[in-house]
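These notes are about the structure you will find just below.
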Amino acid sequence: MLESPSWSIFRRRSHMALAATKRYTASEYLALEDKAEFKSEFINGEIISMAGASANHNKIALNLCRLLPLAIGDQIYEIFMSDIRLWIPAYNRYTYPDVMVVAEEPVFVDQRQMEVTNPCLIVEILSSSTQAYDHDSKFRQYRSIPSFQEYILVYQNGYEVDHYVKESEDRWVLTTHQGEASVIKLVSIQLEIRLIDLYKHVKFD
C-alpha cells in the first residue's frame, strides 16, 4: 500500500524528532568525540556541535597564552587551550573553554589526561552568538567548580574585557575594562595584562 505524501512527510519528521532527542551517557560522548572531525560539547545527555572560531578569536587566545606565565616564584601554572575539555560534574557537562589556567597540580578525569577538573582561571572569547550564554548559563555552571576563582570574557570587536573575581562563595565582583590603555589585574595569578597586548594584531571590523 502506498503512503500519501502528507503521511510520508509526517513519518520523516517524527523520525527526525526522535533522533534529535536521543540522549547519551558521558562515556558514549567521549567515545564519539575521540573519533569526531569537529568538536562538540556534552550537556547532561545532549551532544551540541561547536561553531568554528574566527581569526580574531584565535589571535586573542594565542596572545593571552603568550602573556600568561608558566611560573611565578615557586608557583607553577598549567595553561590549557581549547583542545582540553573541562568536566563539570555538578551539571554532567563536558565543555571546551578557550583558555584555562590551573594554579596547582592538574586533576584529570582519568589517565588519558584529556579532561581537567580544577581550573582557577577560565577565559572565554565572545562572539555575537555566544555572548549571552557565556555571561549567564555557562558562568553559573563554572561557579560550581571549587577551584574556580576568576573569569575573563573578551570581546572581539573592540578593546573591552569583563573580569569577574570571586570574593566569597556567593559573591563575584565584575570589573569592565575598556580602551587599549586599560590593564587587567589578575588575582588568581600575580599578573597584569594590558589590553593593547591582549589585542595585538587583531583587526576590528
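The values are calculated or read from the model by the stated rules, or taken from the named source; none is laboratory data. Values in this document were obtained by computation on a predicted structure and should not be read as measured data. As a convention, Cβ positions derive from the backbone with ideal geometry for all residues, glycine included, and neighbour counts pool all protein chains shown. Keep in mind that these areas ignore ligands, DNA and RNA; they rest on the heavy atoms of the full protein, side chains included. Shrake-Rupley method; radii C 1.70, N 1.55, O 1.52, S 1.80 Å.
Residue pairs whose Cβ atoms lie under 9 Å apart, sitting 6 or more positions apart in sequence or on different chains, and linking a residue in region 173-199 that is farther than 15 Å from V101 by Cβ and touching a residue at least 60 places away in the same chain (Cβ under 8 Å) to a partner that is crowded, with 16+ Cβ neighbours inside 10 Å and among the charged types (D, E, K, R), are Y199/K59. Under the condition of being in a loop (DSSP other than H, G, I, E, B) and at pLDDT 95 or above, the residues counted in region 115-142 number 4. When region 82-97 is filtered for residues that are open to solvent by 70 Å² or more (accessible area, probe 1.4 Å) and closer than 25 Å to H57 by Cβ, the ones remaining, listed by number, are D83, Y91. List the number of the failed condition for K59; all other conditions in (1) in contact with a strand residue (DSSP E or B) (Cβ under 8 Å, 6 or more places away or on another chain); (2) closer than 24 Å to Y155 by Cβ hold. The failed condition is (1).
Of the residues that sit in region 157-172 and are free of Cβ contacts under 8 Å to residues at least 12 places away in the same chain and charged (D, E, K, R), which one is surrounded by the most Cβ atoms within 10 Å (Cβ to Cβ)?
Here the answer is E167.
Evaluated against (1) touching a His at 6+ places or on another chain (Cβ under 8 Å); (2) aliphatic (A, V, I, L, M); (3) open to solvent by 70 Å² or more (accessible area, probe 1.4 Å), A181 falls short on exactly one condition, (1).
Might you check whether a residue that is under 15 Å from the mean Cα position of the chain (by Cα) and over 25 Å from Y29 (Cβ atoms) occurs anywhere in region 82-100? Checked region 82-100: no residue is under 15 Å from the mean Cα position of the chain (by Cα) and over 25 Å from Y29 (Cβ atoms).
Taking residues in region 68-79 that are under 14 Å from C120 (Cα atoms) and in contact (Cβ under 8 Å) with a residue 40 or more places away in the chain, and partners anywhere that are open to solvent by 70 Å² or more (accessible area, probe 1.4 Å) and not in a strand (DSSP E or B), the pairs with Cβ atoms closer than 7 Å and at least 6 places apart or on different chains are Y77/L70.
Listed conditions (1) without any contact (Cβ under 8 Å) to a residue 60 or more places away in the chain; (2) within 18 Å of Q156 (Cβ to Cβ) are all met by F108, apart from (2).
Of all the residues in region 98-151, those that are open to solvent by less than 20 Å² (accessible area, probe 1.4 Å) and aliphatic (A, V, I, L, M) number 11.
When the residues of region 98-111 are filtered to those that are touching an Asp or Glu at 6+ places or on another chain (Cβ under 9 Å) and outside any strand (DSSP E or B), the one that is farthest from L186 (Cα to Cα) is V109. For the subset of region 49-80 comprising residues that are open to solvent by 50 Å² or more (accessible area, probe 1.4 Å) and within 13 Å of V102 (Cβ to Cβ), which member is nearest to the chain's Cα centre (by Cα)? Per the criteria, the residue is E78.
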